[in-house]
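> The structure that follows is given in the form of structure tokens.
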Amino acid sequence: MKVNGKDYRTIWREPDSNKIFIIDQRQLPFDFLIEEITSVDEMCTAIADMHVRGAGLIGASAAYGMLLVAREAFTAVDFNGHLKKAAEKLKATRPTAVNLAFAVDKIFEAVKPGLRKEEIVVQIEEAAERFANADADMCRQIGLYGAALIEEIHKKYSERPVNILTHCNAGWLAFVDYGSALAPVYEAHRRGIPVHVWVDETRPRNQGSKLTAWELAMEGVPHTVIVDNTGGHLMQHGMVDICFVGSDRTTRTGDVANKIGTYLKALAAKDNNIPFYAAMPSSTIDWNLRDGINEIPIEERNQDEVLCFEGLSENGQMRVRITPEESQAVNYGFDVTPARLVTGIITERGVTEANEESILARFPEKS
Ligand code: MRU
């Protein structure tokens, strides 16, 4: 996608070197900084401290992280042991997004038994590249399927823009390219369908007001930032036509884990008969789980993210405390929206109802 008119992905590598490049998302929207990652420890920090974030991107980061591990392990006595240890470390950086484990497992699948170390490194390099490309391709497909939903609404109300509400950032910054929830928006915009996006600010890390708003601005998509509590009011007054959210882990039954606060939006959408879609590549579906509320691990992050606020002042970026010194906070990163509140799931294979039968009809190999 475009940054100041130039095409970027969120992660890329320099061929034949130990250098992976990422956009340091902590600095957006105020600074656009490229960070160089040269070791698996640096990659673990980048994932845990959210230089990179979003389900698809942390998956791709883990895949490239495995390439760094393979190069680092080259001189180690126990090459395979080194790979396995680092894989566990990468998987533990963020517990909710299943793409992380999926990516690491995919890399191991590519390593066929009996190969020499040099051959393993080449296999991992190719697998990491394939993984990143597949993430981008899946998101592009999601855009095509989701745009059809926007087009339907446009046919009904052609005299005004289609109003879409989204929570957090499930745009291209959360993946390798295109995004999940925002891919349909970009595709509709490209087709000339007038769209307007309500952007939930998404406290505490403000992925909405910082990242989604920035992405949309870069692509010239009309949007308005709202505080997280505004969505219900807009829905009651006919100002939202459809909701698109992403997912960090979805069960085979259609329960959707996404950024904290998504559940409340789904409840309000249900109460107001507004379609609520969750978009995700199939790498986000955890085929082992059926009961999202009780089985999906929910990441708990540092309370400082809630107690403080980060933004731009006249003196540059700064962090200010917004609560009494004595107050404690709790910081759950995600919640689970039960399938009954989800109108549909958009994957690279099309739009399905949020239930096991419909999802499996698209993915019969998982039956
Ligand atoms: O904590 P983050 O920023 O990594 O959370 C991920 C998200 O941005 C959202 O939950 C998103 O809607 C789904 S990830 C594509």
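Read-outs: derived from the displayed coordinates by stated rules, not from any lab. All values derive from a computational prediction rather than experimental measurement. Neighbour counts run over all protein chains shown; Cβ positions are idealised from the backbone, glycine included.
> Which ordering of Arg9, Arg71 is given by a fewest-first count of other beta-carbon atoms within 10 Å?
Starting with the residue having the fewest Cβ neighbours, the order is Arg71, Arg9.
> In what order do Tyr178, Tyr8 fall by count of nearby beta-carbon atoms within 10 Å, going from fewest to most?
Arranged by neighbour count, lowest to highest, Tyr178, Tyr8 become Tyr8, Tyr178.
> Shifting gears a bit: Show me the GluC sites (Glu not before Pro) within segment 142-176 that DSSP assigns to loop and that have at most 14 other Cβ atoms within 10 Å of their Cβ.
Listed in order of number, the matching sites are Glu159.
> Rank Asp78, Asp137, Asp291 by mean-square fluctuation in a GNM of the chain with C-alpha springs under 10 angstrom and give only the top-ranked residue.
Asp78
> By how many nm would the segment from Val77 to Met239 lengthen if fully extended, with 0.36 nm per residue of separation less the alpha-carbon distance? Walk me through the numbers before you get to the answer.
Details: separation 162, 0.36 × 162 = 58.32 nm, distance 6.23 nm.
Contour length minus Cα-Cα distance gives 52.1 nm.
> A further question follows. Could you give the dipole magnitude of the chain about its Cα centre, charging the beta-carbon of Lys and Arg +1 and that of Asp and Glu -1, in debye to the nearest 20?
540 debye
> Which of Tyr263, Thr251, Trp198 sits farthest toward the positive end of the charge dipole of segment 142-366, with +1 on the Cβ of Lys and Arg and -1 on the Cβ of Asp and Glu?
Trp198
> Residue by residue, what Karplus-based ³J(HN,Hα) values in Hz, rounded to whole numbers, does segment 336-350 have, using 6.51, -1.76 and 1.60 with θ = phi - 60° and x for Gly and Pro?
These are the phi-based 3J(HN,Hα) values: 10, 9, x, 3, 4, 9, 9, 5, x, 10, 10, 10, 5, 9, x Hz.
> Just flag the chymotrypsin sites (Phe, Trp or Tyr not before Pro) in segment 115-172 sitting in loop per DSSP whose Cβ has no more than 12 other Cβ atoms within 10 Å.
Sites meeting the loop and neighbour criteria: Tyr157.
> Provide the FRET efficiency to the nearest 0.05 for the Glu159-Asp7 pair, computing r from the beta carbons and using R0 = 30 Å.
0.30
> Top mean-square fluctuation among Gly311, Gly192, Gly208, Gaussian network model of the chain, C-alpha springs under 10 Å?
Residue with maximal mean-square fluctuation among Gly311, Gly192, Gly208: Gly192.
> Ok, one more. Once phi is turned into θ = phi - 60°, what whole-Hz ³J(HN,Hα) does the Karplus curve with 6.51, -1.76 and 1.60 give for every residue of segment 36-49, x standing for Gly and Pro?
Values, residue by residue: 9, 10, 10, 9, 5, 4, 5, 5, 4, 5, 4, 6, 5, 8 Hz.
> Within segment 2-134, how many Lys pairs sit with Cα atoms under 20 Å apart, leaving out pairs fewer than 8 places apart on the same chain?
So the count works out to 11.
> Also, quick follow-up: Go through segment 5-13 residue by residue and turn each phi into a ³J(HN,Hα) via Karplus (6.51, -1.76, 1.60, θ = phi - 60°); whole Hz please, and just put x for glycine and proline.
Computed from phi, the couplings for segment 5-13 are x, 10, 6, 9, 9, 7, 8, 7, 10 Hz.
> For segment 1-41 and segment 285-302, what is the centre-to-centre distance using only Cα atoms, to the nearest Å?
What the calculation gives is 29 Å, centre to centre.
> Would you mind calculating the gained length between Ser327 and Ile298 on full extension (0.36 nm times residue separation, minus the Cα-Cα distance), in nm to one decimal?
Using 0.36 nm per residue and subtracting the Cα-Cα distance, I get 8.2 nm.
> Under 1.5 on a/c is rounded, so check that first for segment 142-366, then, if it is not, pick prolate when a/b is larger than b/c and oblate when it is not; a ≥ b ≥ c are the square roots of the alpha carbon gyration tensor eigenvalues.
It is oblate, given that a/c is not under 1.5 and a/b is not larger than b/c.
> Quick one: which residues, 5+ away or cross-chain, put their amide H under 5 Å from the amide H of Leu33? H built at 1.01 Å from N.
Excluding prolines and chain starts, which carry no amide H, the hits are Asp24.
> Also, I was wondering about something else. Using the 10 angstrom Cβ neighbour count as an exposure proxy, how do Glu88, Glu348, Glu310 rank, fewest first?
Glu88, Glu310, Glu348
> Something else about it: Rule-of-thumb check for segment 2-134: C-alpha Rg over 2.2 N^0.38 Å? Don't skip to the end; give the middle numbers.
Numbers: Rg = 14.4 Å, N = 133, 2.2 N^0.38 = 14.1 Å.
Here the Cα radius of gyration is 1.02 times the empirical estimate.
> Which whole-angstrom value gives the distance between the alpha carbon centres of segment 183-252 and segment 53-79?
Taking the Cα centre of each part, segment 183-252 and segment 53-79 sit 32 Å apart.
> Lys/Arg Cβ at +1, Asp/Glu Cβ at -1, dipole of the chain taken about the Cα centre: which of Asn273, Tyr64, Val225 is farthest positive-ward?
Asn273
> Relative to the longest principal Cα axis of the chain, at what angle does helix 99-110 sit, 0 to 90 degrees, rounded to 10?
Around 40 degrees separate the two axes.
> Rounded, prolate or oblate, given the Cα gyration tensor of segment 161-257, with a/c below 1.5 counting as rounded? Working shown, then result.
Values: a/c = 1.27, a/b = 1.07, b/c = 1.19.
Note, shape of segment 161-257 comes out rounded.
> Which one, Gly5, His237, Ser283, is farthest towards the positive end of the dipole of the chain when Lys and Arg carry +1 and Asp and Glu -1 on their Cβ?
His237
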